[in-house]
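The values are calculated or read from the model by the stated rules, or taken from the named source; none is laboratory data. Keep in mind the model is a prediction, meaning the values are calculated, not measured. Here Cβ is always computed from backbone atoms with ideal geometry, including for glycine, and neighbour counts include all displayed protein chains.
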Amino acid sequence: MLPQLSICTLINHENVRDTLQQTLDLARCTVLHCTSSEEFLEYVQQQKQHIDCAILESDEGLATLIQELHQAGVLLPVVIMGNITQRREQDSSAIDESEGHLGLTDSTEESRTNVLYHQAEVLLPLNQSDKEILEAIHEAIEQFLNLSNDSDITPKKHLNSDLASHAEEFLMKKQQRLTEKLRERLGYLGVYYKRSPQRFLRNLPEAEQHEVLQEIQQLYREIVLDYFSDEVNINPALDELVNIAFFADISVTHIVEIHMELMDEFSKQLKLEGRSEEILLDYRLTLIDAIAHLCEMYRRSIPREL
């Protein structure tokens, strides 16, 4: 069974909470809706390594909540929903002021951006569609995985050395766990919306089509040659093959054709060597395995309602 993404929310509008619940149910996520900042902070402190994304509403209490997260050295992928522009400027000023009172700011003059939590936060207006909500969660996690242990981490600019070090360590562990979890959830719902029709094989220039097909053929050859080896783990190559095929919108039929062409090549070689072709029958397992992975990728990635 695939690991579920764990989402924690702090949303005041009941209709927005209901929409989120329906959307996240479809995406096979687990979700906890907190009703107060105190409840959210307590839950985050207990489950911070197990929360995959937080969804917060932009309101008057957001600046204080983020300040508490900064002080705790807790970094999470986050989607901030609401009337963003004006609130973001107000909350950014409020965070700077509160950190100044606590003696957390640097004495040097820094250039300010209107970042509330960290550089990877994603802003989303209220009353969005299922697709837009899932896209925002996917983007928040993707950008969080690209955060670096330098100026990208907003809290580091304002915390003392011990807290900054804690924030860096937490970020590294969090990114590693999320990466492993998303790899296990190969093709989780959000990735479906990241496919670009412009990158589909049928829409590429002829030269690029040839490159993609060559890459897939080479990967499949490697998988076949190492499939029955006890010393080689073929899963990374199989995952790469499936990812390329998925984002290029390559059909299962095409994979079958690649397999048959490769088996025909091997058959000719075996005949030249005077050896039996029966061994090639075993590689039907390789084809079944590749097709199963690709079909599962498509199945898990397409929203249930489509």
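Would you mind finding the one in S251, S276, S267 that is hydroxyl-bearing (S, T, Y), closer than 22 Å to Q209 by Cβ, surrounded by fewer than 16 Cβ atoms within 10 Å (Cβ to Cβ) and modelled with pLDDT under 95?
S251
Might you check whether a residue that is farther than 17 Å from L126 by Cβ, assigned to a helix (DSSP H, G or I) and not acidic (D, E) occurs anywhere in region 5-18?
no
If a residue must be β-branched (V, I, T), out of contact with any Asp or Glu (no Cβ under 6 Å at 6 or more places or on another chain) and crowded, with 21+ Cβ neighbours inside 10 Å, how many such residues does region 1-33 contain?
So the count comes out to 2.
Determine which member of the set L69, L65, L56 is part of a helix (DSSP H, G or I) and either modelled with pLDDT under 85 or in contact with a strand residue (DSSP E or B) (Cβ under 8 Å, 6 or more places away or on another chain) (or both).
L65
Kindly indicate the residue of region 184-223 that is under 30 Å from D25 (Cβ atoms) and exposed (fewer than 12 other Cβ atoms within 10 Å of the Cβ) and also modelled with the lowest pLDDT among those meeting that condition.
Here the answer is E184.
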